[in-house]
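Chemist: First, the structure itself, so that you have it in front of you.
The values are calculated or read from the model by the stated rules, or taken from the named source; none is laboratory data. Remember, it's a predicted structure, so these values are computed and weren't measured experimentally. Here Cβ is always computed from backbone atoms with ideal geometry, including for glycine, and neighbour counts include all displayed protein chains. Just the protein is used for accessible areas: all its heavy atoms, side chains included, with ligands, DNA and RNA removed. Shrake-Rupley method; radii C 1.70, N 1.55, O 1.52, S 1.80 Å.
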Amino acid sequence: MSDVLLEVRDLRVHFPTADGVVKAVDGVSFTVERGHTLGVVGESGSGKSITFLTVMGLINRKSAIVSGEVLFEGRNLLEATNDELRHIRGDRIGMIFQDPMTSMHPMYRVGDQIAEAILAHRSVSKGDARARAVEALRLVGIPAPEQRARQYPHEFSGGMRQRAMIAMALVLDPDLLIADEPTTALDVTVQAQILEVIDELKQRLNIGVALISHSLATVADVSQDVMVMYAGRPIEQGTRDQVFTAPLHPYALGLLSSVPRVDRRVERLVPIEGSPPSLIHVPSGCAFHPRCPYRFAPCDTERPDLRDRGGGHADACHLSVDQKAANRRERLDMQEPVA
Ligand SMILES: Nc1ncnc2c1ncn2[C@@H]1O[C@H](COP(=O)(O)OP(=O)(O)OP(=O)(O)O)[C@@H](O)[C@H]1O
Ligand SMILES: [Mg+2]
């Protein structure tokens, strides 16, 4: 049964600047369900962080024009007051970011910082808050949590620090966890461990997770739903299986072809040529057309709508579904799944 925690409808975040309007987010709709992880993927500058900073009310509304709806627990957060948002952040929505060093105060003990987060939202004693902080550190797999709670952030390794950030984000039992590139600063083995911790806690606590990453490979194993963003818009959306076994959009196909996979016969690395466009002068038609190896007549003039191609698997591309299947066979050299 679907249990939608967060529903974002046609979100737009535009920044007027001296050079023109930066359309950082330009028509994004998605849902995050309880017990599911939504993997949000796209190159640098595609609007991933701005989307979720806006969801959390962390965008300065004086410098941005924001429209659309952010429905969370029955209300539109775009209409919430700063006080309401402060309550929701941390308490109902936990967040973790790329660099735990900038999110933790270097001068305070790790346990005290987590306890402070509890005290800011709950009327409990300091002793209770400290005890809960230690439990939270234990929950994320930090050994000897009583001792670790008394240490300072610099005494933690990168991976342990990121575990502590997860503990802090989850200590108030939020329903939703937003993890923006939580593993980028870590080495590969530690990355996998952190993703495992998030995945395990998602199941154990039955929360929803939005996991933001540059890489489709990073979200592959731990996401149930996937949204691929390009130039401030979703260009492909679907379940993990839909997007991974049968990517539709040439950009998603490009992201997947640049990932070496042992379950595919050919391990060719075909990176996507070119770089993401300016969000002030977004290309006409399909924003991806200047980089698309399959572009044809309408692509540089008509913007393709995001359309459901069946079973909720949607993409925004003018190519026919048959043409996309042929491209997929050529690029990924894989068998079409038997329907
Ligand atoms: N206050 C602002 N004024 C103008 N442009 C902004 C502002 N904040 C963000 N942008 C622009 O919005 C675009 C989207 O930024 P965002 O941080 O969401 O990208 P991202 O997908 O998270 O990229 P990355 O993978 O590098 O984190 C970028 O081009 C950025 O320069
Ligand atoms: Mg970002």
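Chemist: Would you give the gap between the C-alpha center of segment 165-228 and the C-alpha center of segment 1-74, rounded to a whole Å?
Modeler: 18
Chemist: Compute the length gained on full extension between GLU7 and ASP221: take 0.36 nm times their separation in residues and subtract their Cα-Cα distance, giving the result in nm to one decimal.
Modeler: 74.7 nm
Chemist: Now a separate question. Can you tell me the orientation of helix 82-91 relative to the chain, as the angle in degrees between its alpha-carbon axis and the longest Cα principal axis, to the nearest 10?
Modeler: 80
Chemist: Let me ask you something else. Provide the solvent-accessible area of HIS154, counting protein heavy atoms only and rolling a 1.4 Å probe, rounded to the nearest 10 Å².
Modeler: In the full protein context, HIS154 sits at about 120 Å².
Chemist: Kindly provide the helix-only [θ] at 222 nm of the chain, computed as the sum of -39,500 (n - 2.57) over DSSP H runs of four or more divided by all residues, to the nearest 500 deg cm²/dmol?
Modeler: About -10000 deg cm²/dmol.
Chemist: Another question, if that's okay. Using a probe of 1.4 angstrom, how much of the accessible area of segment 241-332 is carbon and sulfur, in percent?
Modeler: Carbon and sulfur together cover 51 percent of it.
Chemist: Express the accessible area of segment 101-172 per residue in Å², computed with a 1.4 Å probe while the remaining protein chains stay in the model.
Modeler: About 49 Å² of surface per residue is accessible.
Chemist: Same structure again: Using only alpha carbon pairs under 8 Å that are at least six residues apart, calculate the relative contact order of the chain and give it in whole percent.
Modeler: 20
Chemist: Using a 1.4 Å probe on the protein heavy atoms, what percent of the accessible area of segment 101-172 belongs to carbon and sulfur?
Modeler: In segment 101-172, the share of accessible area belonging to carbon and sulfur is 52 percent.
Chemist: Something else: Let's test the formula: R0 of 51 Å, r as the Cβ-Cβ distance of THR301 and ALA120. What FRET efficiency results, to the nearest 0.05?
Modeler: After rounding to 0.05, the efficiency reads 0.45.
Chemist: Please determine, in degrees from 0 to 90 and to the nearest 10, the orientation of helix 110-121 with respect to the longest principal axis defined by the Cα atoms of the chain, where the helix direction is its Cα long axis.
Modeler: 90
Chemist: Among MET95, MET168, GLY127, whose Cα lies farthest out toward the positive end of the dipole of the chain, if unit charges sit on the beta carbon of Lys, Arg (+1) and Asp, Glu (-1)?
Modeler: GLY127
Chemist: Using the Cα centre of segment 241-332 as origin and beta-carbon charges of +1 (Lys, Arg) and -1 (Asp, Glu), tell me which of HIS249, ALA316, VAL282 is placed farthest towards the positive end of the dipole.
Modeler: HIS249
Chemist: Report ³J(HN,Hα) in whole Hz for each residue of segment 205-221, in order, from the Karplus equation J = 6.51 cos²θ - 1.76 cosθ + 1.60 where θ = phi - 60°; Gly and Pro get x.
Modeler: 8, 6, 9, x, 10, 10, 10, 9, 7, 5, 10, 5, 5, 4, 8, 3, 7
Chemist: A follow-up question, please. Among ASN327, PRO293, GLN191, which residue has its Cα positioned farthest towards the positive end of the charge dipole of the chain, with +1 placed on the Cβ of Lys and Arg, -1 on the Cβ of Asp and Glu, and the dipole taken about the Cα centre?
Modeler: GLN191
Chemist: Taking R0 as 45 Å, what's the FRET efficiency between ASP83 and ASP308 from their Cβ-Cβ distance, rounded to 0.05?
Modeler: 0.70
Chemist: Would you count, across the chain, every pair of lysines whose alpha carbons are under 26 angstrom apart, provided the pair is eight or more residues apart or spans two chains?
Modeler: Taking the Cα cut-off of 26 Å, the pair count is 5.
Chemist: Counting only heavy atoms of protein chains, what accessible area per residue, in Å², does segment 279-328 have with a probe of 1.4 Å?
Modeler: Counting only protein heavy atoms, the per-residue value for segment 279-328 is 52 Å².
Chemist: Let me ask something else about it. Please give me, ordered by residue number, the GluC sites (Glu not before Pro) of segment 54-97 that lie in loop per DSSP and have at most 12 other Cβ atoms within 10 Å.
Modeler: GLU73
Chemist: At 1.4 Å probe size, with every protein chain present, just tell me what the per residue accessible area of segment 1-89 comes to in Å².
Modeler: 47
Chemist: Got a number for the accessible area of ASP128? Probe 1.4 Å, square angstrom, nearest 10.
Modeler: ASP128 has an accessible surface of roughly 90 Å² with all protein chains in place.
Chemist: Would you mind working out the magnitude of the charge dipole of segment 29-142 relative to its Cα centre, with +1 at each Lys and Arg C-beta and -1 at each Asp and Glu C-beta, to the nearest 20 Debye?
Modeler: Using Cβ point charges on Lys, Arg, Asp and Glu, segment 29-142 gives about 240 debye.
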